Amino acid sequence: MRILVTGAAGFIGSHFVRSLLAGHYAGWEEARVTALDKLTYAGNRANLPASHPRLRFVRGDICDRALLRELVPGHDAVVHFAAESHVDRSLEGAGEFFRTNVLGTQTLLDAVLEGGVERVVHVSTDEVYGSIGEGSWTEDWPMQPNSPYAASKAGSDLVARAYWRTHGLDLSITRCSNNYGPYQHPEKVIPLFVTNLLEGHRVPLYGDGRNVREWLHVDDHCRGIHLVLTRGRAGEIYNIGGGNEYTNLALTEKLLELTGAGRDMVRRVADRKAHDLRYSIDDSKIREQLGYAPRTGFEQGLAETVAWYRDNPAWWKVTKYGADRAGN
Ligand code: NAD
């Protein structure tokens, strides 16, 4: 079994690869992994083992047709994580989001078709659904993306669907809620707040903090992806949720408590443009059809995540400040 993982040096892709190499996924203990990543600011080679008998790392761009034509043949499956992933950056400039997320997905799927790969999972996000006041999104909810990031992911979902429908590609799409856990880039809210608080800096809370997010531990997300990869049906979308809804204010209060900081460490900042008020996923399909259930409770997962950042300053200081300033 040979599996190609795109975006493998990012937060979620690297967790998936480390879990695969550690033999955490039944039936895939011997799988050989090709980890493809452009190593943008978000990718970090150190998120993966420096060497491993079943790992090959390739630095490359999913928009590079020639590279993909050479690399993709011979793989049995592709798990596609590579993306520009930070909403705030997409508000500043969306070009790279549409290039990587839409054109990159199309270029990758062309190579998958040509290379005869048998199975593909395209990793997407609940943000394609927009914002929901009450209730939770099922997979057939219309896509109403509000940020350029979400629009580019919605575009990639449509490319993926079209390649299934037109070409008969054995492809499934996953849409998950907000992930958290170790190795997440400190631009994202939980690691940003935790690392700020560990350094004695205040944390910037958007608006009144009443925006609601559903939190999913990265390990539960990756187990869900593996389930979809092995048992999911072609052309189907699977929501993956954590079942933990918190306002950003409630999340911030938990992080203050876990780091021993006071409320004076919170700085209110102007709200994000078009800030989605609430995300909530109905993931009963993957639970009922594939037997998925998250294992990590939010209280425990968050405490472990804070402990990981406390124990690994060398990792996040380089990521947050660059190698030359990491010692400051
Ligand atoms: P990330 O930003 O940590 O990692 C993305 C990786 O993709 C990086 O290693 C980067 O170098 C690589 N990459 C970017 N452009 C590339 C290109 N053109 N070619 C090859 N590699 C490229 O993101 P993440 O949080 O690990 O997210 C992974 C996937 O999960 C994304 O598709 C994202 O949309 C989706 N997702 C993430 C979350 C979340 O909470 N983090 C939630 C829902 C969905």
Looking at the stretch 196-218, which of its residues are at pLDDT below 95, closer than 12 Å to residue 266 by Cβ, assigned to a loop (DSSP other than H, G, I, E, B) and open to solvent by 50 Å² or more (accessible area, probe 1.4 Å)? 208
Answer yes or no as to whether residue 26 is free of Cβ contacts under 8 Å to residues at least 60 places away in the same chain, over 16 Å from residue 83 (Cα atoms) and among the hydrophobic types (A, V, I, L, M, F, W, C). yes
From the residues in the stretch 38-59 that are within 11 Å of the ligand (Cβ to nearest atom) and either more than 17 Å from the chain's Cα centre (by Cα) or more than 24 Å from residue 186 (Cα to Cα) (or both), which one is most open to solvent (accessible area, probe 1.4 Å)? 59
Per the list (1) at negative phi; (2) within 9 Å of the ligand (Cβ to nearest atom), residue check on residue 35 breaks on (2)
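Give 84, 127 a once-over and let me know the one that is touching a residue at least 60 places away in the same chain (Cβ under 8 Å), within 11 Å of the ligand (Cβ to nearest atom), in a helix (DSSP H, G or I) and open to solvent by 10 Å² or more (accessible area, probe 1.4 Å).
Checking each option against the conditions leaves just 127.
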Among (1) within 15 Å of the ligand (Cβ to nearest atom); (2) acidic (Asp, Glu); (3) touching a Gly at 6+ places or on another chain (Cβ under 9 Å), residue 30 falls short only on (1)
Which of the residues belonging to the stretch 285-322 are open to solvent by less than 60 Å² (accessible area, probe 1.4 Å), free of Cβ contacts under 8 Å to residues at least 60 places away in the same chain and closer than 18 Å to residue 216 by Cα? 293, 297, 303, 307
Only one of (1) more than 19 Å from residue 104 (Cβ to Cβ); (2) touching a helix residue (DSSP H, G or I) at 6+ places or on another chain (Cβ under 9 Å); (3) not polar (S, T, N, Q) fails for residue 168. Which number is that? (2)
Inside the stretch 243-264, the number of residues satisfying the requirement of being open to solvent by less than 40 Å² (accessible area, probe 1.4 Å), touching a strand residue (DSSP E or B) at 6+ places or on another chain (Cβ under 6 Å) and either modelled with pLDDT of 95 or more or over 21 Å from residue 220 (Cβ atoms) (or both) is 1
Which is within 18 Å of the chain's Cα centre (by Cα) and either among the small types (Gly, Ala, Ser) or within 27 Å of residue 160 (Cβ to Cβ) (or both), of 213, 278, 231? 213
Pairs needed: first member in the stretch 60-71, more than 11 Å from the ligand (Cβ to nearest atom); second member anywhere, among the hydroxyl-bearing types (Ser, Thr, Tyr); C-beta distance under 9 Å; at least 6 residues apart or different chains. 65/107; 71/34
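The values are calculated or read from the model by the stated rules, or taken from the named source; none is laboratory data. Worth saying up front: this structure is predicted, and the values here are computed from it rather than measured. Using ideal geometry, Cβ is built from the backbone for each residue, glycine included, and neighbour counts are taken over all protein chains shown. Note: accessible area is taken over every heavy atom of the protein model, side chains too, but ligands, DNA and RNA are not part of it. Shrake-Rupley method; radii C 1.70, N 1.55, O 1.52, S 1.80 Å.
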